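S.K.: Okay, here's the structure, questions in a sec.
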Amino acid sequence: MATSLVNLSTYDENTIKDISKYSFGIVVADWNKEITHKLFEGCYDTLLLHHADKDKIHVYQVPGSFELPSGSKLLMNKFKVDVVICLGCVIKGDTSHDDYINNAVAQGLTQLSILSGKPQIFGLVTTNNLQQAIDRSGGVHGNKGVEAAYTAIRMAQLKEDATFTKNTIGF
Ligand code: DLZ
């Protein structure tokens with residue numbers, strides 16, 4: 001469903017249990033940092049809101065979104081984490097660079113998820129222009145960083161609790 005039809009940053013906080021036991025990785029790209037650092041704030045604040053242990057949140061910064069999969073791999077080599085959240089922003093330009101980066105990140109994170117057994121959360125904002133990115137990083141369409149954090153929490157919980165809860169699908 002298009003983001004314009006549903007604000008994915010809205011979720012049922014009651015579905016979240018104790019997350020202090022989980023260890024999180026966050027990899028954030030600096031390209032388009034006016035957007036990505038807001039995604040990071042939304043993500044980090046959401047983890048803390050639900051009482052994540054600060055000492056169990058490991059953050060790596062990488063130059064651009066293309067480096068998100070390798071940044072995550074490096075982070076996982078160094079820290080034992082339950083899940084990694086990857087945050088970036090790719091804005092369409094005059095060339096097809098965005099297609100190459102977006103596809104590389106999607107494929108890289110998919111492979112990494114499966115090979116490592118650690119969920120990789122796709123927190124990549126892919127837009128046609130800057131305004132759409134602003135709208136999705138704390139604007140009218142919420143904050144994709146919040147959504148990524150919530151997704152990460154659910155995936156961390158899934159390891160031990162796969163109980164079906166009505167009304168949570170689709171946030
Ligand atoms: C080179 C590039 C371009 C043109 N655009 C973006 C972008 O919109 N968003 C982003 O995160 N990164 C961009 N990059 C940088 C690449 O992700 C990567 O850092 C470089 O190609 C070096 O590998």
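S.K.: Please compare each pair in Lys33/Lys56; Lys21/Lys92; Lys17/Lys92; Lys54/Lys92; Lys56/Lys92 to a cut-off of 32 Å on the Cα-Cα distance and tell me which ones are over it.
M.R.: Lys21/Lys92; Lys17/Lys92; Lys54/Lys92; Lys56/Lys92
S.K.: Quick one: which residues, 5+ away or cross-chain, put their amide H under 5 Å from the amide H of His50? H built at 1.01 Å from N.
M.R.: Here nothing satisfies the definition.
S.K.: Treating only the Cα positions of the stretch 21-160 as identical point scatterers, give the base-10 log of I(q)/I(0) from the Debye formula at each q in 0.11, 0.15 Å⁻¹.
M.R.: Debye curve over Cα of the stretch 21-160, log10 I(q)/I(0) at q = 0.11, 0.15 Å⁻¹: -0.35, -0.65.
S.K.: Charges only on Cβ, +1 for Lys and Arg, -1 for Asp and Glu: so what's the dipole of the chain about the Cα centre, in debye to the nearest 20?
M.R.: Details: 16 positive and 18 negative charges, 80 e Å.
Charge dipole of the chain: 380 debye, to the nearest 20.
S.K.: Near the amide H of Gly138, under 5 Å away, which other amide H atoms are found, from residues 5 or more places off or on another chain, if H is placed in the peptide plane?
M.R.: Close amide H contacts, sequence-distant or interchain: Asn143, Lys144.
S.K.: Hey, can you grab everything whose amide H is under 5 Å from the amide H of Lys92? Only 5+ residues off in sequence or another chain; H modelled, so Pro and N-termini drop out.
M.R.: Thr127, Asn128, Asn129
S.K.: How much accessible area per residue does the chain have, in Å², with a 1.4 Å probe?
M.R.: Values: 9260 Å² over 171 residues.
Normalised by residue count, the accessible surface of the chain is 54 Å².
S.K.: On to the next question. As a test of reading the structure, rank Leu115, Leu48, Leu68 by solvent-accessible area (1.4 Å probe, protein chains only), most first.
M.R.: Leu115, Leu48, Leu68
S.K.: Follow-up question, since we're still on this one. Looking only at the stretch 21-160, where both bridge partners belong to it, what percent of the DSSP beta bridges are antiparallel (to the nearest 5)? Before the final figure, lay out the partial values.
M.R.: Values: 2 of 21 bridges.
Taking every DSSP beta bridge with both residues in the stretch 21-160, the antiparallel ones total about 10 percent.
S.K.: Within the accessible area of the stretch 21-160, what % is carbon and sulfur when the probe is 1.4 Å and the other protein chains stay in place?
M.R.: 54 percent
The values are calculated or read from the model by the stated rules, or taken from the named source; none is laboratory data. Just so you know, these numbers come straight off a predicted model, no measurement behind them. Cβ sites come from the backbone with ideal geometry, for glycine too, and all protein chains shown count toward neighbours. For accessibility, only protein heavy atoms count, side chains too; no ligands or nucleic acids. Shrake-Rupley method; radii C 1.70, N 1.55, O 1.52, S 1.80 Å.
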